[in-house]
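Participant: Before I ask anything, here is the structure I am working with.
Just so it is clear, none of the values below were taken in a lab; they were calculated from the coordinates. As the structure is a computational prediction, the values presented were derived from the model and not from experiment. FYI the Cβ positions are ideal-geometry reconstructions off the backbone, even for glycines, and counts take in every protein chain you see.
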Amino acid sequence: MSTPSTVTVRAAAKINLHLGVGAVRPDGYHPLATVYQAVGLYDDVLVADAAAWSVALTGADHVALAEVPQDSDNVAIRAGLALTAHHGIERAARIEIHKGIPVAGGLAGGSADAAATLLALERLWDLGTSDQDLLRLAGELGSDVPFALLGGAATGHGHGEIVEPITDKGSWWWVVVGNETGLSTPAVYRHFDELNTRTGETADDPAIPADVITALRTGDVDLLAASLDNDLQRAALELRADLRRTFDDGAEAGALATLLSGSGPTVLLLCRDAEHAREVAGAMLAKGHGHCWAVPAPVAGAHVVDYD
Ligand code: C5P
């Protein structure tokens with residue numbers, strides 16, 4: 001096949017079915033024991049050879065594009081710089097990101113863009129980067145970037161960057177309830193620390209309970225509903241009391257379980273199947289939650305969807 005002039009890669013949003021968070025480390029990160037799952041909300045990233053790095057953003061109408069940096073602070077450009085530095089080459093690209101994943105939502109949209117950019121440039125330039133090197137570069141770009149490459153379901157350790165695929169036999173359906181106002185991940189972690197200081201509690205060494213792994217291995221939705229957990233939920237709810245209503249509305253709408261997505265403010269409603277998810281999404285819309293999506297999980301990690 002001749003060399004493509006553009007490559008488009010699609011990457012999915014992530015959720016954390018279990019998010020165990022330990023006490024802050026000297027490097028400022030928190031040790032995590034998490035179970036990631038990729039869900040059906042996507043960003044598409046197109047790359048083309050160019051004389052200088054640039055990034056352009058378009059988005060679905062629910063996406064607050066103004067909050068995304070459009071210069072070299074953008075994690076997609078940082079991904080490009082990391083890849084070219086790794087190979088010692090002087091190349092640059094135009095990057096076009098079409099966002100379907102809400103910004104600052106706790107769904108790792110920026111990490112999806114970084115992972116998609118790494119893979120798209122790897123294919124555009126045919127660099128022969130090993131999977132191992134791609135995962136390592138991804139981990140240096142952000143805690144959730146390696147999982148965005150992998151997709152499916154995986155455990156995450158370290159500060160989230162050490163990922164290991166796990167068996168997920170379920171055909172899960174979630175209603176993802178977005179929020180107009182984003183929440184800063186570092187701010188939620190800082191508040192988690194403050195809460196521990198205030199209460200005198202020390203965060204335990206995080207571990208992944210067996211039940212959540214069993215639920216995925218067997219596809220048991222009731223067991224999954226009973227085993228969902230997020231250690232950041234309390235801190236996020238203190239920062240954003242308005243989210244309580246979303247949780248209450250989700251329970252009233254008939255969700256099997258409610259869960260904060262990552263550091264929030266997105267709220268996840270576990271549903272029994274596709275039909276149930278459509279009903280719950282309809283009920284949430286009727287309660288005034290304008291941005292909600294019924295999505296399947298698990299879905300694939302970053303993958304090429306178009307060559308030109
Ligand atoms: O790795 P990433 O860039 O996604 O992390 C963003 C911020 O979230 C970090 O700078 C840190 O403040 C916080 N964080 C943390 N512990 C983690 C992951 C992220 O404190 N395990």
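Participant: Could you run the Karplus curve 6.51 cos²θ - 1.76 cosθ + 1.60 with θ = phi - 60° over the stretch 255-262 and give me ³J(HN,Hα) per residue in whole Hz, x for Gly and Pro?
Facilitator: 4, 6, 7, 10, 7, 6, 8, x
Participant: May I pose another question? To the nearest 0.05, how large is the calculated FRET efficiency for Asp193 and Leu65 if R₀ is 25 Å and r is the Cβ-Cβ distance?
Facilitator: 0.20
Participant: Based on DSSP loop calls and a cut-off of at most 15 other Cβ atoms within 10 Å, the longest stretch of the chain free of exposed GluC sites (Glu not before Pro) is what?
Facilitator: Here the longest segment lacking exposed loop sites spans 202-308.
Participant: What percent do you get for the relative contact order of the chain when only Cα pairs under 8 Å and 6+ apart count?
Facilitator: RCO, the chain: 27 percent.
Participant: Near the amide H of Gly219, under 5 Å away, which other amide H atoms are found, from residues 5 or more places off or on another chain, if H is placed in the peptide plane?
Facilitator: Hits under the 5 Å cutoff: Lys169, Gly170.
Participant: Can you give the calculated 222 nm mean residue ellipticity of the chain, where each DSSP H run of n ≥ 4 adds -39,500 (n - 2.57) and the sum is split over every residue, rounded to the nearest 500 deg cm²/dmol?
Facilitator: Calculated at 222 nm, the ellipticity per residue is -10500 deg cm²/dmol.
Participant: Turning to a different aspect of this structure: Would you mind classifying the chain by shape? Square roots of the alpha carbon gyration tensor eigenvalues, ordered a ≥ b ≥ c; an a/c under 1.5 is rounded, otherwise it is prolate if a/b is larger than b/c and oblate if not.
Facilitator: prolate
Participant: Give me a comma-separated list of calculated 3J(HN,Hα) values for the stretch 239-249, in order, Karplus coefficients 6.51, -1.76, 1.60 applied at θ = phi - 60°, integers in Hz, x for any Gly or Pro.
Facilitator: 6, 9, 4, 4, 5, 4, 5, 5, 4, 4, 4
Participant: Moving on to the next point. Pull up the cross-link candidates among the lysines for Lys99, meaning alpha carbon to alpha carbon under 20 Å and not fewer than 8 places away within one chain.
Facilitator: Once the sequence-local lysines are set aside, what remains near Lys99 is Lys14.
Participant: Extension gain Val24-Arg245, at 0.36 nm per residue separation less the Cα-Cα distance, in nm?
Facilitator: So the extension gain works out to 76.6 nm.
Participant: Can you run phi through the Karplus equation (6.51, -1.76, 1.60; θ = phi - 60°) for the stretch 203-219 and list ³J(HN,Hα) in whole Hz, with x for Gly and Pro?
Facilitator: Using θ = phi - 60°, the values come out as 5, 5, 4, x, 9, 9, x, 5, 4, 5, 5, 5, 4, 5, 5, 9, x Hz.
Participant: Quick one: net charge around Asn16, please, counting Lys, Arg +1 and Asp, Glu -1 for every other residue with C-beta under 10 Å from its C-beta.
Facilitator: Result for the local shell: -2.
Participant: Between the alpha-carbon centers of the stretch 12-74 and the stretch 129-149, tell me the distance in whole angstrom.
Facilitator: Answer, in whole Å: 13.
Participant: Can you compute the modelled spin-label distance between Ala52 and Ser130, with each label point 7 Å from Cα toward Cβ, in nm?
Facilitator: 3.7
Participant: With the cut-off at 1.5 for a/c, could you classify the stretch 198-251 from its C-alpha gyration tensor as rounded, prolate or oblate?
Facilitator: oblate
Participant: Roughly how tilted is helix 75-87, in degrees to the nearest 10 and between 0 and 90, from the longest Cα axis of the chain?
Facilitator: On a 0 to 90 degree scale, this one is about 50.
Participant: For the stretch 161-192 and the stretch 236-271, write down the distance between their C-alpha centroids in whole Å.
Facilitator: 12
Participant: By its C-alpha gyration tensor, with a ≥ b ≥ c as the square roots of the eigenvalues, how is the stretch 210-308 shaped: rounded for a/c under 1.5, else prolate for a/b larger than b/c, else oblate?
Facilitator: Because its axes are fairly even, with a/c under 1.5, the stretch 210-308 counts as rounded.
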